[in-house]
């Protein structure tokens, strides 16, 4: 297995190639792409694209990278796979959100230029502010979901997170479906149940020393078992 990583792994037992070197090479083999940002046209995306052009099996795939980075597509695919989600509306209309979802709501950006987090709105004026910000002055639609409980954001490494059972199950199922090794998941907890709401990249600054150790352990385990692909 070829490990291409922009993340500084703590294990020395696995040979790791930096993305810049891989993108200039023509190495064949199953490829694990470890990156803090897999968004379209970012380095993580190009690593997977290059691997696919070479005919390599790669995790994550370009298709999954693109789908997971767009909240509505993420939620549609997740729901079809049996992952708990909430109803959502994709629109640039405050009136539509109010009539279909009411208040409070949680709002995610759909445009490709904003990917950090979400905003909540408990009234009309707050919703206008959220849509103006996330829609870049109303130029883009947003993805709105009802806010029925508590929003939690967790780091997910190969489908594992430091949260309770329901949230952990969400992380496992999302990884099984999209195979995004490193990400942040936004989950809504309602009366003991967990619902997937969104996903975003993790910056290198957000990866603590313990996170790097956890990622390294998973890579070492996968390398030993050879079961990733």
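The values are calculated or read from the model by the stated rules, or taken from the named source; none is laboratory data. All values reported here derive from a predicted model rather than from experimental measurement. Note that each Cβ is placed from the backbone with ideal geometry, even for glycine, and that neighbours are counted across all protein chains shown.
At a glance:
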| quantity | calculated |
| --- | --- |
| Selection from segment 209-223 of residues that are crowded, with 22+ Cβ neighbours inside 10 Å, in contact with a strand residue (DSSP E or B) (Cβ under 8 Å, 6 or more places away or on another chain) and more than 22 Å from residue 116 (Cβ to Cβ) | 219 |
| Qualifying positions in segment 91-102 - without any contact (Cβ under 8 Å) to a residue 40 or more places away in the chain and in contact with a strand residue (DSSP E or B) (Cβ under 8 Å, 6 or more places away or on another chain) | 96, 100 |
| Subset of segment 11-25 that is at pLDDT below 90 and exposed (fewer than 14 other Cβ atoms within 10 Å of the Cβ) - its residue that is nearest to residue 54 (Cα to Cα) | 15 |
| Lone unmet requirement of (1) over 21 Å from residue 187 (Cα atoms); (2) touching a strand residue (DSSP E or B) at 6+ places or on another chain (Cβ under 9 Å); (3) modelled with pLDDT of 95 or more for residue 74 | (1) |
| Within segment 100-198, strands (runs of 3 or more DSSP E) holding 3 or more residues that are at pLDDT 95 or above and closer than 17 Å to residue 83 by Cα | 150-157, 182-190 |
| Residue count for segment 36-66, restricted to those that are assigned to a loop (DSSP other than H, G, I, E, B) and under 17 Å from the mean Cα position of the chain (by Cα) | 9 |
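Rundown of residues vs (1) within 29 Å of residue 91 (Cα to Cα); (2) surrounded by fewer than 20 Cβ atoms within 10 Å (Cβ to Cβ); (3) free of Cβ contacts under 8 Å to residues at least 24 places away in the same chain, yes/no style:
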site	(1), (2), (3)
126	yes, yes, yes
137	yes, yes, yes
145	yes, no, no
170	yes, no, no
180	yes, no, no
197	yes, no, no
203	yes, yes, no
207	no, yes, no
